[in-house]
Amino acid sequence: MKRYKQYLFDGDPAIIPRTAERHNLDLNTSDTEVQVETEENDLMDIEQDTFINTDAQSTVIEDINVENIYDGDVEDTTYGTTEWNWRIELSKIILNNELNNIYGKIGNLKEFIEHKAFFEKISTTMNKSRGEIFLMILKFSISNELSFSGLINLFKLINSMFETPILPDSRHIIDKLVNPKEGVEYHVVCQECSVYLGKIGDIPSSSICNVCNSTINLKNNTDSTFFTLINPAQQISDLISNHEDYFYYVTNQRVHKQGHISDVYDGKKYTEFVKSLPNEEKDNYVTAVFNTDGAPKFKCSQYSIWPLYLMINELPKEIRTNKLVVCGLLFTNKKPNMTVFLDKFVDLVNKCRVPIKIKNEQRTLKIYVQTCCVDAVARAPVQGLTQYNGKYGCNWCLHPGEYHGIMKYPLMNAPIELRNHNDTVSLMLEAVPGNPRSSE
């Protein structure tokens with residue numbers, strides 16, 4: 001199977017390679033140019049003062065009377081029957097020749113500056129809508145990792161090309177457009193004892209912790225630990241809507257073959273989960289894997305950000321791994337205490353419902369987080385256990401470890417007791433710094 005078809009599933013349309021698309025476009029453009037040239041006597045009435053002067057260097061086209069190009073509609077299998085399509089193609093040919101005349105003769109920047117075209121106003125027609133330009137700017141800023149100030153300056157640059165602004169370029173308006181506040185909650189945690197203080201907006205900007213009496217200044221973010229939670233319903237709805245055929249296939253049509261594993265849906269836990277659902281919910285579920293990992297805010301700073309992602313299982317493989325859903329962000333300058341963060345995340349997911357239309361049928365999906373996938377560093381704070389380089393740092397057994405400059409876990413003569421659920425929960429509470437309790 002060719003590389004560009006390796007991720008296709010049964011029933012999916014074939015993906016045309018981009019090189020083939022460009023080749024077909026070149027052929028269509030070439031055919032149009034030939035057709036214009038061979039049928040010009042039938043299609044165009046060129047005024048007497050119009051001429052096409054062709055030499056070995058370039059082709060010059062002047063004074064074409066576009067109004068007289070068509071006497072009526074002419075069938076064109078490539079671009080349709082409308083006069084407008086013909087005008088667009090002719091304009092492209094003329095523009096390409098003009099560009100070749102200008103830039104083909106320019107050897108360096110100095111010659112370009114001295115060329116008369118350098119100071120001529122551009123009269124080329126705009127063929128993009130405001131929405132298209134807006135989305136192009138956002139995609140460009142994401143691809144090139146622009147800062148927010150860089151994004152604002154790019155909007156201003158585009159507006160400077162027009163007599164009147166066509167897009168918003170104020171920081172306040174763009175912030176409202178690209179950073180919507182709906183569905184986003186901001187929570188504060190005491191830095192000293194890790195107790196949960198409440199939502200920003202529900203507590204005063206200067207607060208005192210009820211447990212350790214520390215003063216919390218919310219105006220200075222570096223003096224506080226806080227996290228945000230983002231309702232994932234809209235993100236999940238958009239992803240599934242774009243791939244509703246695949247989602248419908250997984251939840252309604254896919255049959256598990258015994259002993260055959262090709263995806264997560266064939267796993268033991270997944271099949272047991274689906275069988276355990278009540279009949280009214282067997283088509284109204286979506287499962288996910290969650291992940292979190294710390295990233296430094298700056299290379300020279302101890303302040304770190306811990307994003308929390310959801311990967312939706314009921315999406316095609318190449319989509320689910322590249323389109324993660326951001327559910328939360330934890331900001332801290334200490335080792336993270338995940339207890340409060342994950343506690344609020346669990347509450348959010350349990351309450352969350354995803355309204356969506358699948359095959360013209362309105363559904364309300366419930367989210368089930370089945371698995372947590374984290375690295376060794378994040379595993380300890382997520383589980384509330386000691387890190388792997390500390391005593392009893394193994395997540396599967398109760399090996400105490402021995403310290404010889406660094407913590408080691410040598411082979412023992414006697415079998416090591418494995419962890420169980422009840423003991424793990426008890427030890428997890430002991431491992432949490434200060435053994436905090438919510439002040440709510």
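The values are calculated or read from the model by the stated rules, or taken from the named source; none is laboratory data. As the structure is a prediction and not an experimental result, all values here were calculated from the model. Cβ coordinates were reconstructed from backbone atoms using ideal geometry, including for glycine residues, and neighbour counts include every protein chain displayed.
Structure above, values below:
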quantity	calculated
Criterion violated by residue 187 - all others in (1) exposed (fewer than 14 other Cβ atoms within 10 Å of the Cβ); (2) in the same structural domain as residue 335 (by the TED database) satisfied	(1)
Top-ranked residue of region 316-355 - restricted to ones that are within 21 Å of the chain's Cα centre (by Cα) and of a type in the set (Val, Ile, Thr), ranked as nearest to residue 378 (Cα to Cα)	326
Residues of region 175-199 classified as over 23 Å from residue 429 (Cβ atoms), in a loop (DSSP other than H, G, I, E, B) and charged (D, E, K, R), total	2
Condition check for residue 194: in contact with a Pro (Cβ under 8 Å, 6 or more places away or on another chain) and surrounded by 10 or more Cβ atoms within 10 Å (Cβ to Cβ)	yes
From 134, 155, 140, residue being within 15 Å of residue 177 (Cβ to Cβ) and either touching a helix residue (DSSP H, G or I) at 6+ places or on another chain (Cβ under 6 Å) or free of Cβ contacts under 8 Å to residues at least 24 places away in the same chain (or both)	155
Contacts under 9 angstrom Cβ, first residue in region 409-428 being more than 17 Å from residue 383 (Cβ to Cβ), partner of a type in the set (A, V, I, L, M), 6 or more apart	416/398; 417/398
Answer from 289, 274, 255 - the residue that is β-branched (Val, Ile, Thr) and either farther than 27 Å from residue 344 by Cα or touching a helix residue (DSSP H, G or I) at 6+ places or on another chain (Cβ under 6 Å) (or both)	255
Count of region 406-440 residues which are at pLDDT 85 or above and not in a loop (DSSP other than H, G, I, E, B)	6
Residue in region 162-174 that is crowded, with 17+ Cβ neighbours inside 10 Å, β-branched (Val, Ile, Thr) and outside any loop (DSSP other than H, G, I, E, B) present	yes
Residue count, region 371-391 (criterion: in contact (Cβ under 8 Å) with a residue 40 or more places away in the chain and either more than 19 Å from residue 341 (Cβ to Cβ) or of a type in the set (S, T, N, Q) (or both))	3
